Amino acid sequence: MGVTLPPFEHTSSGAIPDICSKIRKSYLSHKTRPIEFRLQQLRKLYWGLKDNEDAITEACRLDLGKPSFETYLTETGWCMNDIVFVCQNLEKWMADESAPDIALTNKLLFPKIRKDPLGAVLVIGAYNFPIQLSIGPAIGAIAAGCTVVLKPSENAPNAAAVMEMIFKKYLDPTCYTVIQGAIPETTAVLEEKWDKIFYTGNHIVGTIIAKKAAETLTPVTLELGGKNPAIITKNADPRLAARRLTWAKIINSGQVCVSQNWILVDREILPQFVEELKKVFKEFYPNGAKNSPDYGRIVNNRQWIRLKKMLDETKGRILIGGTMDEADRFLEPTVVQVDDVNDSLLKDESFGPLIPIYPVDNLDEAIRLANEVHDTPLGVYPFGNKKETDQVLREIRSGGASVNDGFFHASIPTLAFGGVGTSGSGSYRGRASFDCFTHRRSITKTPGWMEGLLAIRYPPYHGKTKKYKAMSELKPNFDRDGNVKVGLLKWILTLGAGSNNAAVKRYFLVVLLAFALNKYQSRQSKL
Ligand SMILES: NC(=O)c1ccc[n+]([C@@H]2O[C@H](COP(=O)([O-])OP(=O)(O)OC[C@H]3O[C@@H](n4cnc5c(N)ncnc54)[C@H](O)[C@@H]3O)[C@@H](O)[C@H]2O)c1
Ligand SMILES: CC1=C(/C=C/C(C)=C/C=C/C(C)=C/C=C/C=C(C)/C=C/C=C(C)/C=C/C=C(\C)C=O)C(C)(C)CCC1
């Protein structure tokens, strides 16, 4: 491609405290507060990405064998669009909001919500979408007026080095900087005081981060993984399910946090589904995945060996694929029929192109098993009729969900994205990225002329309770059993129904009866 990439070099651990202290000082200098400063930095970041598109494409190719289309779709194009979207909306998001649901008397204090930056923040990225998962949160933090230290994943070193080069060349170095490294450097960064830590990666490290943050009561957003189920009922379209779920597993060669980890298929539809999978594989990769320019590679040998072990140890039956090449870190998309939730392919999140399918007798069994394997996955993907997909959404919790698709909800850049329970906490993207790094600060302003009215709050309190109750007490509309009480007036106005909806039906019935009666009477009078 003819691009020279910068080298990846670990930041010296000794330098880390000073780097972090500079970033904190810059925040405290209020430099990042004005909207113009934030916008200018975001615009520069846009051009940093645009000018270095080729370097990013090459870095992602070297790190993950990422096809250039995928790099544009999920990394460069994704982040550049995000910046443009944020720039277009920032003024609106930053504006003070008048506080909702305020009692009339308190409205005199003009309560409002101000959007304050959280402060100096740490963003720790993961390797699979090395640009998006680092730059994405950083965009939100810059927009919110924070200063940022970015610690990209050392497992995508080329992408990490390109991001450092872009930060240095395009952004204000006193406010935004990159620290490179692995566990020792990240541990050193975590020793510093942060106003927020945004972490993307596995749940074990997520726990380390959360514990460390708890020591200083630092808020965290954790974007973790999950054993995400796809469920195919007997009423689903097997071709549609095969195409969409295959896409969700071959993109980034399956190294996608939100793609399905397993597919629970109704036995009745299993043969057709497997046939359709075979056809789809042939359509997507007519000369095989290995020879296709449109299929990536596993990030490193450690991960490749982990995936090979999962496949070697399965008690399941390989139905499609199964070839691999360590020298090239190639792993063919591989469909395996399994029948035990303790199978090596289901015990851990695969985070690779392995596609276990698990036959079930019915939807209830699928839901029970999915919850048994992971009760709070990052995504859930039901295929079937509306009643069935509604049941899945109701009975399986998840960070997000795509009905009749694999992770398409996570492909919408302005839709809030995040996990629930052990798949993470907090969300970002679009406006949610701004909110993620913003403190919604409640502010009131008490006018001097109210002093007389407010004197009730000052001691001595004697004789004030009754007065205060009279002006402040809200009357419950429910009794001791938790039932709503209906007042006489409401009872009369709602024709004894008690609720507005039921009253509309009763009024409709009354009008209908009156109409029928009227017809009957006019017929009688004609006779
Ligand atoms: N929810 C999401 O948005 C999302 C996105 C990508 C990946 N993931 C999840 O992440 C996992 C795969 O990523 P990974 O964790 O292997 O990526 P990784 O190896 O890139 O690690 C993530 C980050 O954690 C840091 N790290 C590693 N060990 C650490 C330690 N002991 N202390 C502090 N920091 C440490 C790394 O330096 C890196 O920056 C999967 O479970 C996947 O589902 C989630
Ligand atoms: C509907 C109309 C039209 C048609 C529009 C069409 C066909 C749009 C198709 C869009 C597609 C296929 C977009 C695909 C995007 C996929 C993306 C962005 C994937 C992103 C993946 C990500 C971010 C993964 C993240 C993973 C993470 C975080 C975990 O590790 C028209 C235009 C024809 C007419 C109007 C109506």
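The values are calculated or read from the model by the stated rules, or taken from the named source; none is laboratory data. All figures in this text were calculated on a predicted structure; none of them were measured in a lab. Neighbour counts are summed over all protein chains in view; Cβ atoms, including those assigned to glycine, are modelled from backbone coordinates with ideal geometry. These accessible areas exclude ligands, DNA and RNA; they are computed on the full protein's heavy atoms, side chains included. Shrake-Rupley method; radii C 1.70, N 1.55, O 1.52, S 1.80 Å.
Values as computed for the structure displayed
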quantity: Cα gyration tensor shape of segment 241-282, rounded if a/c is under 1.5, else prolate or oblate by comparing a/b with b/c; calculated: oblate
quantity: Straight-distance crosslink candidates among aspartates and glutamates, where the alpha carbon sits under 13 Å from K31 and sequence neighbours closer than 8 are dropped; calculated: D172
quantity: Scaled radius of gyration (Cα, divided by 2.2 N^0.38 Å) that segment 143-247 gives; calculated: 1.47
quantity: Segment 329-395-segment 209-266 distance, computed between alpha-carbon centres (Å); calculated: 10
quantity: Relative contact order %, the chain, counting alpha carbon pairs below 8 Å whose residues are six or more apart; calculated: 16
quantity: At 1.002 mPa s and 20 °C, Stokes D of segment 383-439 from Kirkwood alpha-carbon radius, µm² per second; calculated: 171
quantity: Net length gained if the chain between E97 and E9 were fully extended (0.36 nm per residue, minus Cα distance); calculated: 27.2 nm
quantity: Accessible area of T444 in the full protein assembly, 1.4 Å probe (Å², nearest 10); calculated: 90
quantity: Interatomic Cα distance distribution for segment 229-405, bins of 5 angstrom, percent; calculated: 1, 9, 19, 23, 21, 15, 8, 3, 1, 0
quantity: Whole-Å semi-axes of the ellipsoid equivalent to segment 48-136 (Cα gyration tensor, √5λ, descending); calculated: 41, 13, 10
quantity: Inter-site label distance for W247 and S499 at 7 Å from Cα along Cβ, in nm; calculated: 4.0
quantity: Stretchable slack from L513 to N371, in nm (0.36 nm times residue separation minus alpha-carbon distance); calculated: 46.0 nm
quantity: Nearest-0.05 FRET efficiency for H462 and W491, computed from C-beta distance (R0 51 Å); calculated: 0.80
quantity: At q = 0.20 Å⁻¹, base-10 log of I(q)/I(0) for segment 1-80 (Debye sum, equal scatterers on each alpha carbon); calculated: -0.99
quantity: Nitroxide proxy distance, nm - points 7 Å out along Cα→Cβ at Y520 and V484; calculated: 3.3
quantity: Hull shadow area, averaged, segment 1-152 [alpha-carbon convex hull, nm²]; calculated: 11.6
quantity: Volume of the Cα convex hull of segment 87-226, divided per residue and given in Å³; calculated: 153
quantity: Distant-in-sequence amide H partners of L319 (H built 1.01 Å from N, under 5 Å); calculated: V335, V336, Q337
quantity: Over 32 Å (Cα to Cα) - which of K50/K290; K168/K290; K347/K387 fall in this group; calculated: K168/K290
quantity: Cα coordinate range in the chain, projected on the principal axes (Å, largest first); calculated: 91, 73, 42
quantity: Average projected area [Cα convex hull, segment 125-170], square nanometres; calculated: 2.9
quantity: Whole-number D in µm²/s for segment 475-522 (Stokes-Einstein; Kirkwood sum over Cα pairs; 10 °C, 1.306 mPa s); calculated: 128
quantity: Extended-chain gain in nm, criterion 0.36 nm per residue less alpha-carbon gap, I35 and D116; calculated: 28.0 nm
